[in-house]
1. Of the residues Asn103, Asn122, which single one is open to solvent by 20 Å² or more (accessible area, probe 1.4 Å) and either at pLDDT below 95 or touching a helix residue (DSSP H, G or I) at 6+ places or on another chain (Cβ under 9 Å) (or both)?
2. In region 85-119, what residues are of a type in the set (Val, Ile, Thr) and closer than 19 Å to Lys50 by Cβ?
3. Hey, among the residues in region 176-229 that are among the charged types (D, E, K, R) and under 25 Å from Ile33 (Cβ atoms), which one's most open to solvent (accessible area, probe 1.4 Å)?
4. So which residues in region 62-111 are hydroxyl-bearing (Ser, Thr, Tyr) and either farther than 18 Å from Lys135 by Cβ or touching a Lys or Arg at 6+ places or on another chain (Cβ under 8 Å) (or both)?
5. Is it the case that some residue within region 144-156 is over 18 Å from Leu14 (Cβ atoms), more than 15 Å from the ligand (Cβ to nearest atom) and within 13 Å of the chain's Cα centre (by Cα)?
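The values are calculated or read from the model by the stated rules, or taken from the named source; none is laboratory data. Please read these numbers as outputs of a predicted model, since none were measured by experiment. All Cβ positions, even for glycine, are placed from backbone atoms using ideal geometry, and neighbour counts span all protein chains on display. SASA here: full protein model, heavy atoms, side chains in, ligands and nucleic acids out. Shrake-Rupley method; radii C 1.70, N 1.55, O 1.52, S 1.80 Å.
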Amino acid sequence: MKERNRYIVMQSNLTIIPINTNNHEFSNYSYIILDECSSTCVIIDPAWEKEKYETIIALKEIKNVEAIILTHSHIDHINLADYFSKKYKVNIYLSKEEVEHYNVSLDKIATLQNGEIIKINNMNIYSYLLPGHTKGSMCYQIENNVFTGDTLFNEGCGYCTDYIGGTIDMYNSLQFIKQNFDLQTKIYPGHVYLYDVGQSLDDILQYNMSLMMDQQSFTTYQSRIKKLR
Ligand SMILES: [Fe+2]
């Protein structure tokens, strides 16, 4: 998919800047959330191609990166976490479950519990523990935008096979998103396949099979995918 430059400005002078970075088979989406009032930002899931982030930081005259926020601990979502944490001397936030289950080893970890709010300048970042892709996967909400990592994609969901109970957890996590977020919520996943980032939940519900299935169908489908992997 061709990368496009599109900044999404929120009501409160926060701007979402999607960044597509690549490394061999990986193609990831991470996000700079810029607070225009304080000229500061946070970065969600920084990985690969650090010059892409640094170009935007310079271009937008961002004075400081205030936090690194991770949806989960897979390498394609954390590859630059230590780099930016050391450079700006800031915390790396991810869930306590993720750190403990996978013995995550990063430099300045600050662990989160389900429901915790990270408050940074004008930003309130709500954390939701939504396991399935990994034991401690988190999604983050800023206003009516949700950053879903590898839990929810526009076109489906992340794989859920690396720990016992992962498939049921994923089903429950998807149901949580479906039932608790406003239909106008914009979804920002860690990978895209057919549709661009920032689709509304309402739109995604029209074509995302993982959100349509009942639990039995979902677990059967996932077990078939597992055999193909
Ligand atoms: Fe992942």
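1. Asn122
2. Val90, Ile92
3. The qualifying residue most open to solvent (accessible area, probe 1.4 Å) is Asp182.
4. Tyr83, Ser85, Tyr88, Tyr102, Thr111
5. Yes, region 144-156 contains at least one residue that is over 18 Å from Leu14 (Cβ atoms), more than 15 Å from the ligand (Cβ to nearest atom) and within 13 Å of the chain's Cα centre (by Cα).
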